[in-house]
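Report on the following structure.
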Amino acid sequence: MADPTCCVCGARMASVGPAWRFRCVVCGTQSSSLDVSINEPHSIDEKQREEGLEALRRRNNAEIVRHLGPWGMPSGSTLLDVGCAHGWFLTQVEQSGMTAVGIEPDVAIASLATQLGHDVRVGYFPDALRPGEQFGAITFNDVLEHIPDPRGAVEESARRLVPGGLLLVNMPDRSGVVYRLASFARRVGVASVFERLWQVGLPSPHLWYLDAKGLVSMAESLGLETVTVAHLPSIDRRGLWARAHFDRAPSVMTILSVGVGWLAAPVLNSKRCSDIMLVAFRKPPAREDS
């Protein structure tokens, strides 16, 4: 099997170990060949995963929603949330007075969002959309890193935005403190946290790890303008235990990890140390005829 190509700069990606991980020889972007098995049977406790993620997601969603207007989402337009999962972000967007649509490939999870009354298209982006359908904002909330072709997704997003529309991406940052520490631990023989960050063995593992510089470079090469680069909290003490154990029984290592995460949460959520980047882009407004 040939080595993959970098989504940021198009250069060759070389295997760097473990066998499923690759790194771009030019810009350092990382990718994986982990198996995706959405909609296949699995042993995940979905209620526990929901409990583990809800507090953090709602906290970060509120920050994103608060900035939609100031960052320039066109008035009266509709927001598309790609990978809307349980529909929490859709709820918060609509509570703020805006209209939102979701896409979700996991049939069971999509049904939960639909039961909340949301307009959810079951399938993948952009196949689940109608031809020519456009939006005032498109969001990828912890989703772009799961997509096999993130460059293609950003390119299609640019086409699906109205002039002046926003693309907002929040995703793990490979330059973050936790990822760097986990990478070091793997090299000295402790791989559990590193594998957890890549979501090894889960139905939708991480397929990419970018940094802000790479994400900006990719989006700007596709004609988008950068609005802001920021960071979001990556840990919420509420639900931390459930987040660590929704797919596994407690072990000494996971108990230790939860304890360290609980104590270090204020530091790991700081702008300097956070592993979750939030980058907003704008599609240039249409030029007026001269």
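Readers should treat all values here as calculations from the given coordinates under stated rules, not as data from a laboratory. Owing to the predicted nature of the structure, the values given are computational and were not obtained by experimental measurement. FYI the Cβ positions are ideal-geometry reconstructions off the backbone, even for glycines, and counts take in every protein chain you see.
For this structure, a couple of remarks:
- For Val120, nonlocal amide neighbours, meaning residues 5 or more places apart or on other chains whose placed amide H falls under 5 Å from its own, are Gly102.
- Extension gain, Arg66-Lys271: 0.36 nm per intervening residue step, less the Cα-Cα distance, totals 72.0 nm.
- The modelled label-to-label distance for the pair Ala19/Met253, using points 7 Å beyond Cα in the direction of Cβ, is 1.9 nm.
- Extension gain from Ser75 to Ile44, taking 0.36 nm per residue of separation minus the Cα-Cα distance: 7.1 nm
- Listed residues Ser234, Ser32, Ser217, most fluctuating in the chain (Gaussian network, C-alpha, under 10 Å): Ser217
- Phi to ³J(HN,Hα) by Karplus 6.51 cos²θ - 1.76 cosθ + 1.60 over the range 103-111, Hz, x for Gly, Pro: 10, 8, x, 7, 4, 5, 5, 4, 5
- Proximity of backbone amide H atoms, modeled 1.01 Å from N, is registered between Ser37 and Ser204 at under 5 Å, excluding neighbours fewer than 5 places apart on the same chain.
- Stokes-Einstein diffusion for the chain, with the hydrodynamic radius set to the Kirkwood value over Cα pairs and evaluated at 25 °C in a medium of 0.890 mPa s, equals 125 µm²/s.
- Principal-axis analysis of the Cα atoms of the chain puts helix 252-268 at an angle of about 50° to the longest axis.
- Model label sites at Arg287 and Val107, defined 7 Å from Cα along the beta-carbon direction, differ in position by 4.8 nm.
- Computed lengthening from Thr5 to Val188, 0.36 nm per intervening residue step minus Cα-Cα distance: 63.1 nm
- For GluC sites (Glu not before Pro), the sites in the range 84-150 that DSSP calls loop and that have at most 15 other Cβ atoms within 10 Å are Glu133.
- Rounded tilt (10° steps) of 212-221 against the dominant C-alpha axis of the chain: 30
- Sorted ascending by nearby beta carbons within 10 Å, beginning with the fewest, Tyr209, Tyr124 become Tyr124, Tyr209.
- The phi torsions of the range 146-156, fed into the Karplus equation with coefficients 6.51, -1.76 and 1.60 and a -60° offset, translate into couplings of 9, 8, x, 10, x, 5, x, 5, 5, 4, 5 Hz, rounded to whole numbers, with Gly and Pro shown as x.
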